[in-house]
Every structure is written in structure tokens, then in C-alpha cells.
1. Select, from Lys104, Lys99, Lys47, the only residue that is over 23 Å from Leu122 (Cα atoms) and in contact (Cβ under 8 Å) with a residue 12 or more places away in the chain.
2. Tell me, please, whether a residue that is within 16 Å of ligand 2 (Cβ to nearest atom) and either out of contact with any helix residue (DSSP H, G or I) (no Cβ under 6 Å at 6 or more places or on another chain) or assigned by TED's automatic domain parsing to the domain that holds Lys17 (or both) can be found in the stretch 46-54.
3. Name every residue in the stretch 125-139 that is away from ligand 1 (no atom under 13 Å from the Cβ) and either in contact with a Gly (Cβ under 7 Å, 6 or more places away or on another chain) or more than 13 Å from Leu100 (Cα to Cα) (or both), in order of residue number.
4. Can you name the condition, by its number, that Gly66 falls short on among (1) away from ligand 1 (no atom under 16 Å from the Cβ); (2) surrounded by 14 or more Cβ atoms within 10 Å (Cβ to Cβ); (3) under 17 Å from the mean Cα position of the chain (by Cα)?
5. Quick one: how many residues across the stretch 55-103 are touching a His at 6+ places or on another chain (Cβ under 6 Å) and away from ligand 2 (no atom under 15 Å from the Cβ)?
6. From the residues in the stretch 55-73 that are assigned to a helix (DSSP H, G or I) and out of contact with any helix residue (DSSP H, G or I) (no Cβ under 9 Å at 6 or more places or on another chain), which one is farthest from Lys13 (Cα to Cα)?
Amino acid sequence: MDNTQMIKDELIKHNIKPSLIRIKVLEYLKSTKEHPNAEKIFKKLSKDIPTLSITSIYNALKLFVGKGVIKEIMIQEEEIRYDGANERHAHFKCIKCNKLYDLKLKCRSCLEVTDLNKVKILDEHIYLVGICKKCIKKETDL
Ligand SMILES: [Zn+2]
Ligand SMILES: [Zn+2]
């Protein structure tokens, strides 16, 4: 099965009609580790689809988030980025290069939360801030 067919199937599985724009948006999000924002997705895809509008990107993203296909990640300055990765993971933001990295989580429940049994958890965002390996190396090389 080719990649486009897999993307189509995933959309259908979430009750979303697989239009060209939706397929392209999800395909791009699955292919990148960059956690792009809407503008970046727009810039990237408008090269292939000249008639594309930023509104259609926002609409597709909103739909995907609502149906649980992708995740919305809030970082500083109210910037929203999008993540197409399916596996549970944490995010690490480097304050030097501004990159957002995925970190694998080993444990089932890494957080010991009291009162956890009183709430129903629907979503999880683990967000760490620091300096990445590359930037540490750059600093020590100076
Ligand atoms: Zn860095
Ligand atoms: Zn991620």
C-alpha cells in the first residue's frame, strides 16, 4: 500500500472525507519532525498547489485536531504548532535554536498526580524546555 493510500485510510477511519488538501496536509505532517505551524504548512504546500489558501489549511488542521488525527501543541507567544506523530511522546524545546524535539516516553505513567483518580484524562502534553545536544556541543566547541 502506498503512502497516499495510507493517509486516505487514516482520514476515512476518523470520518473525514479525504480531499486533496486534507491528504496533502496530513501527508506533510506525517513526513516531518519539525512540528510546523499553519503558515509553514501553507508555504510548503502552496508550491504544489498554487490555488491553496491559508484558510483551507486552518480548516483542515482544525478538523484534524477535533477528530484526534493530529495534536495541537501550544508553545510560547501563543504559537500553535502541529504534530502528526501517533505514538505517545513528550516535547523538548531548545531555547537556543528554537527547535522542538520529540522525546520517547518509557513509562506508562510518568506523572504521579494526586487526585488523579478523581479526574478523567482526555489528553496529555508533556513539554520540557532546555538546550539541545547540538547547541550544547556548539557552546563547548567555542
Ligand atoms: Zn538547540
Ligand atoms: Zn511531537
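The values are calculated or read from the model by the stated rules, or taken from the named source; none is laboratory data. Quick caveat, the model's predicted, so the values are computed rather than measured. Cβ: placed from backbone, ideal geometry, glycine included. Neighbour counts: every protein chain shown.
1. Checking each option against the conditions leaves just Lys99.
2. Applying the first criterion (within 16 Å of ligand 2 (Cβ to nearest atom)) to the stretch 46-54 yields none.
No: zero hits.
3. Result: His125, single match.
4. (2)
5. Number of matching residues: 1.
6. Thr55
A quick yes/no check of all residues on (1) modelled with pLDDT of 95 or more; (2) surrounded by 19 or more Cβ atoms within 10 Å (Cβ to Cβ); (3) more than 15 Å from Ala60 (Cβ to Cβ):
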site: Met1; (1), (2), (3): no, no, yes
site: Asp9; (1), (2), (3): yes, no, yes
site: Pro18; (1), (2), (3): yes, no, no
site: Arg22; (1), (2), (3): yes, yes, no
site: Val25; (1), (2), (3): yes, yes, no
site: Tyr28; (1), (2), (3): yes, yes, no
site: Lys33; (1), (2), (3): no, no, yes
site: Lys44; (1), (2), (3): yes, no, no
